[in-house]
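Down below is the structure, laid out as structure tokens.
The values are calculated or read from the model by the stated rules, or taken from the named source; none is laboratory data. Because the structure is a prediction, the values reported are computed rather than measured. Virtual Cβ from ideal backbone geometry, glycine too; neighbours counted across all protein chains shown. For the accessible areas, the whole protein counts, side chains as well, though only heavy atoms, and no ligand, DNA or RNA atoms are used. Shrake-Rupley method; radii C 1.70, N 1.55, O 1.52, S 1.80 Å.
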Amino acid sequence: MSSSKTDSMTPSETLAVAVGLLDNNGVSSDNASDKQEDSSNNHHHQTPIEKSIDILTKLQTQLSRSGTLSSNEVLDDVATSSLEFIGVEYHLGRAFLMLPTYQLGNNNSNSASPSILRKTNITRATDYFHAYLKKVDQLDLLNEATIKEYHTLLDMEDIDDDDAKSRPAPTTRMNQSQIREMKIQRFQRKRAASQKQAQFQSLLQRRSRLGLAQEEEMEGHDFESLSRTLYIETLRLYAEECLEEIQSCLGELEMLDMAIQMERGRMIRQDPRMHSDSRNGGASAAGAGNGLSSKQPLQMTQITQHPLTGELQLQTQQVMNGQLKPIMQRQEIANQVFRPGWNQPTMTLEELGERERADAIQRAEQQQVAEAEAKFRPRRYEQLVKDGMEDDEKLVEASAKLDRDWDEWKEENPRGSGNKMSERGDRNF
């Protein structure tokens, strides 16, 4: 779509076109005219996602210059027609995540690798997601659970930054069970927001089918209040999706960093200046003449995670005689010289005492609760008299029913009725 078309549109229509390109992956209502323009302007090589980014960036600049959304406004001050523009940063983040990592028409070998391009796109998408969450947080659109999870993700990003800078990492890293619980709660909030959004959309469709005027109310909403509520629920749904994408991006960035390091190591090994042939001159040729091979043994890098700190660990292994053996570096050997062969304690005696004391207090509280509950359970009347609870009418009635049931069972099952040993054997003896 050309810029002249989008310039003649209203901001709402421009946003709809950009979102349509993202949702339909480039298939829009006027896709035939777009194909004609693309065939005549083939030298641009602009993908549909790049078109959407271009449209959204211009729309963001236009909204900033016109002052449609101010940073010091509250939600009540924002007009209903302007609520949909709050999600521009969210759509920009989506677009950068969908942006391809290849460069059309670029056969230059010195161009950036796909891993570096993907990392750049993810970083920009994360920045846009953070900008959107900050904006809706200032407007008090988020509930307490969403705000708490957002702050937790911010703490996780701070931990990753500290690890990247080789500083001592904080102790607030989440374990797998906490991450799983956070995902479950986010899924429940996202499903509730989707159901509300679908409900309000169906109400709008019913209004249009019935031909109601905008000021007429249906189920307690007129057209403007219904549209405003729909926009707000949509923005809350966008917030939940932003949290989900940010957490996914954090995991993908870790893998991309490892891939970039491996690519750099591969490039260094392929550099002829790093080989011994260029430093030793004719020594390699003499070795080749004697039948000696200059190839290095096959190496493999094993990536593990530390069980306590969660830090990624890299261990290089090489194939020797058909078996994988770790390459022992000098520093690794020096670190293992005075290392004991048994497992070291993971906590002090004081910490163990505090844990045992807390467990004992918890068991005592649970026992007190169980005793208090058992005190008011129905039981035999003799036991009620022994416990001094014979004045409680409800408990006495329940205990009387228990006694009656027990007496009836004893009448139906007299003593010795279950003993059938007398019927066995020969009765003549």
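Of GLN195, GLN185, which residue is part of a helix (DSSP H, G or I) and either modelled with pLDDT under 85 or under 21 Å from TYR150 (Cα atoms) (or both)?
Exactly one residue qualifies, and that residue is GLN185.
Could you check segment 109-139 and list, in sequence order, the residues that are aliphatic (A, V, I, L, M) and open to solvent by less than 30 Å² (accessible area, probe 1.4 Å)?
Listed by number, the residues that qualify are ILE122, ALA125, LEU133, VAL136, LEU139.
For segment 278-299, indicate whether the set of residues that are charged (D, E, K, R), in a helix (DSSP H, G or I) and modelled with pLDDT of 55 or more is non-empty.
No: zero hits.
Just to be sure, is GLU371 among the acidic types (Asp, Glu), surrounded by 10 or more Cβ atoms within 10 Å (Cβ to Cβ) and at pLDDT 80 or above?
So GLU371 fails the test.
Take segment 203-246 and flag every residue that is without any contact (Cβ under 8 Å) to a residue 40 or more places away in the chain and among the aliphatic types (A, V, I, L, M).
LEU203, LEU204, LEU210, LEU212, ALA213, MET218, LEU226, LEU230
Within segment 137-151, work out how many residues are touching a helix residue (DSSP H, G or I) at 6+ places or on another chain (Cβ under 7 Å) and part of a helix (DSSP H, G or I).
6
Can we say ARG65 is open to solvent by 70 Å² or more (accessible area, probe 1.4 Å) and either in contact with a Leu (Cβ under 7 Å, 6 or more places away or on another chain) or modelled with pLDDT under 85 (or both)?
So ARG65 fits the description; yes.
Looking at (1) open to solvent by 70 Å² or more (accessible area, probe 1.4 Å); (2) outside any strand (DSSP E or B); (3) modelled with pLDDT of 75 or more, find the lone condition where MET328 falls short.
Unmet for MET328, out of (1) open to solvent by 70 Å² or more (accessible area, probe 1.4 Å); (2) outside any strand (DSSP E or B); (3) modelled with pLDDT of 75 or more: (3).
Out of segment 190-248, which residues are open to solvent by 70 Å² or more (accessible area, probe 1.4 Å) and among the aliphatic types (A, V, I, L, M)?
Passing the criteria: only LEU210.
Please go through segment 55-100 and give me each residue that is polar (S, T, N, Q), under 23 Å from LEU230 (Cβ atoms) and touching a residue at least 40 places away in the same chain (Cβ under 8 Å), ordered by number.
Once the filter is applied, which keeps residues that are polar (S, T, N, Q), under 23 Å from LEU230 (Cβ atoms) and touching a residue at least 40 places away in the same chain (Cβ under 8 Å), segment 55-100 yields THR68, THR80, SER81.
List pairs: first residue in segment 381-410 and more than 22 Å from GLU371 (Cβ to Cβ), second residue not in a loop (DSSP other than H, G, I, E, B) anywhere in the structure, Cβ distance under 8 angstrom, at least six positions apart or on different chains.
Cβ pairs passing all conditions: ALA400/TYR381; ASP403/TYR381.
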